[in-house]
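The values are calculated or read from the model by the stated rules, or taken from the named source; none is laboratory data. Since the model is a prediction, treat every value here as computed from it, not as a measurement. Ideal geometry is used to build each Cβ from the backbone, glycine not excepted, and the neighbour counts take in all protein chains shown. We work out accessible area using only protein heavy atoms, side chains counted, and drop any ligands, DNA or RNA first. Shrake-Rupley method; radii C 1.70, N 1.55, O 1.52, S 1.80 Å.
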Amino acid sequence: MRRIVVVGTQWGDEGKGKITDYLAQRADVVVRYQGGNNAGHTVVINNQKYSLHLLPSGILNPNIINVMANGMVIDPKAFCQELSKIKTPFKLFVSNRAHIVLPYHPKLDLAYELSKGDAKIGTTHKGIGPAYTDKVARIGLRVGTFVNENRFYHHLKELVERKNYELSLYKQPLLDFESIFAEYREYAKVMEPFVCDTSILLNELIEQDKKILFEGAQGVLLCLDHGTYPYVTSSSPTAASVPLNTGIAPWLVEGAIGVTKAYTTRVGSGPMPSEIEGELAHYIRETGREYGTTTGRPRRIGWLDTVILRHTKCVSGLSYLAVTLLDVLTGIDELKIVTSYNLDGQEIDYLPSDIEDYERVMPNYMVLPGWKTDISQVKSYDELPKEAKNYLDVISNLVGVKIGMFSVGPDRNQTIMIEPFF
Ligand code: GDP
Ligand code: IMO
Ligand code: MG
């Protein structure tokens, strides 16, 4: 396959950054197609850790063309800050049709959350929901307009007036147009040289038969349409989202690699049937360093859930799985895997669409033996202890998708490719 999507199969933070960076060594192009700086993608190269939020995870490979496509929402301040941290040469293009996150978006994000009380989503407060809301309401500001100073001035003036009215309804401090304009025109100057029509660019690169990775943010369970609504983000991380959000034909996407954590984590609110608490959850959280890359929040921990993975396979399509953080399970005597749910006395193998039903499902588990030996240095599937091999085989069988690769530590070189799919 020459054009594949890196999809998070759970609730985000599966290790998409790491897998994208690894596969980028064999690619020509890496494209981020949705989300904004709500994402936090970690790449570790020779013990040096990079946290990427907006920039594609190919940015640390000097030969790769990186694209921020039209489906993204871009906070210019965060963009400039992140760019300034990249000290190696890079190639980057930003879509003129992507949307801009402006200072009123995070403020409204917070105001909506506060107004919801206990029903809050637990967003990242980065303004992602309000920025996509404006896109759909057709009052968003796009990158192409943002980098045209004259047009930006006039649009921003009108928008700040409109949004100050909304902020006043939530009793929030109002924003000053002049100071935002003065600050953001400088960010626009930094962004301008990277801006182009990335749909035209991508179609040209496909014409040249370049190898392309489409890097999803979040995970399918956070998809606006197919996730655990309303506890979701405001875009779609599925493979189906790629054509629309990059401006290429659907049939040019050749496959998807589903990045799957060897257990489950979630940040923010909403149901998580296999959630565990207490000592074991604490052990996994500390061993896997399960704290949000973007917000620092401790991640909720649960057993691997294959109902979720079959759902992801169904709504997104998965050619192979990339199982990450397998090393974190070393030393646990018994490992559980969710095989189905019970709802009102009935065994089910799907995600109920209504969140109140999903909150009531009870998971059914199978129990597998764990392994004790350190696996962080293994270089092949064959070197794994038999219990770890069995764990991977069971996942593959239950989901009906081959394991294409797995990973046993955060570093780029702790990644093992089993199938030569890219
Ligand atoms: P993403 O949002 O999907 O890119 O994932 P994050 O970067 O938010 O979270 C994944 C975390 O797990 C990061 O801290 C990674 O460095 C780390 N990680 C990735 N793969 C492995 C692995 O195989 N083993 C261990 N121990 N850590 C890993
Ligand atoms: P990566 O790309 C994990 C979660 C938030 C919240 C919900 C909505 O690193 O996997 P939002 O700010 O998007 O409106 O928040 O989605 N969320 C993520 N959780 N990883 C992410 O990204 C996430 N991006 C958003 O915690 O529950
Ligand atoms: Mg993350």
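Is there any pair linking a residue in region 179-201 that is polar (S, T, N, Q) to one that is part of a helix (DSSP H, G or I), with Cβ under 9 Å and at least six apart or on different chains, and which?
THR198/THR246; SER199/THR246
Determine whether region 129-143 contains at least one residue that is open to solvent by 70 Å² or more (accessible area, probe 1.4 Å) and closer than 13 Å to PRO103 by Cα.
No, region 129-143 has no match at all.
Hey, among the residues in region 282-291 that are open to solvent by 40 Å² or more (accessible area, probe 1.4 Å) and in a helix (DSSP H, G or I), which one's farthest from ligand 1 (Cβ to nearest atom)?
The selected residue is HIS282.
Just name the residue that is nearest to ligand 2 (Cβ to nearest atom) out of those in region 8-27 that are within 18 Å of ILE65 (Cβ to Cβ) and among the charged types (D, E, K, R).
Going through the qualifying residues, I end up with ASP21.
Given the condition out of contact with any Gly (no Cβ under 8 Å at 6 or more places or on another chain) and either away from ligand 2 (no atom under 15 Å from the Cβ) or outside any helix (DSSP H, G or I) (or both), answer yes or no: does some residue in region 106-113 qualify?
No, region 106-113 contains no residue that is out of contact with any Gly (no Cβ under 8 Å at 6 or more places or on another chain) and either away from ligand 2 (no atom under 15 Å from the Cβ) or outside any helix (DSSP H, G or I) (or both).
What are the residues in region 43-54 that are more than 15 Å from ARG412 (Cα to Cα) and away from ligand 1 (no atom under 12 Å from the Cβ), if any?
Listed by number, the list holds a single entry, LEU54.
Can you tell me which residue in region 210-239 is farthest from CYS314 (Cα to Cα), limited to those that are of a type in the set (Gly, Ala, Ser), more than 16 Å from ligand 3 (Cβ to nearest atom) and open to solvent by less than 30 Å² (accessible area, probe 1.4 Å)?
Per the stated criteria, the residue is SER236.
Table: residues versus (1) assigned by TED's automatic domain parsing to the domain that holds GLN208; (2) part of a strand (DSSP E or B); (3) open to solvent by 10 Å² or more (accessible area, probe 1.4 Å); (4) more than 13 Å from ligand 3 (Cβ to nearest atom).
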| position | (1), (2), (3), (4) |
| --- | --- |
| VAL7 | yes, yes, no, yes |
| ASP13 | yes, no, yes, no |
| ILE19 | yes, no, no, no |
| LEU23 | yes, no, no, yes |
| VAL43 | yes, yes, no, no |
| PRO56 | yes, no, no, yes |
| ASN63 | yes, no, yes, yes |
| ALA78 | yes, no, yes, yes |
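Tell me, yes or no, whether region 309-325 has at least one residue that is open to solvent by less than 60 Å² (accessible area, probe 1.4 Å) and in contact with a Phe, Trp or Tyr (Cβ under 6 Å, 6 or more places away or on another chain).
yes
Return the residue satisfying two criteria in turn: it lies in region 258-281 and is within 16 Å of ligand 1 (Cβ to nearest atom) and open to solvent by 10 Å² or more (accessible area, probe 1.4 Å), and of such residues it is modelled with the lowest pLDDT.
Per the stated criteria, the residue is GLY268.
Name the residues in region 292-341 that are part of a helix (DSSP H, G or I) and either over 25 Å from THR123 (Cα atoms) or not assigned by TED's automatic domain parsing to the domain that holds LEU23 (or both), would you?
Matches in region 292-341: THR306, ARG310, LYS313, CYS314, LEU326, ASP327, VAL328, LEU329.
Would you be able to say whether some residue in region 296-304 is at pLDDT below 95 and within 16 Å of ligand 3 (Cβ to nearest atom)?
Yes, some residue in region 296-304 is at pLDDT below 95 and within 16 Å of ligand 3 (Cβ to nearest atom).
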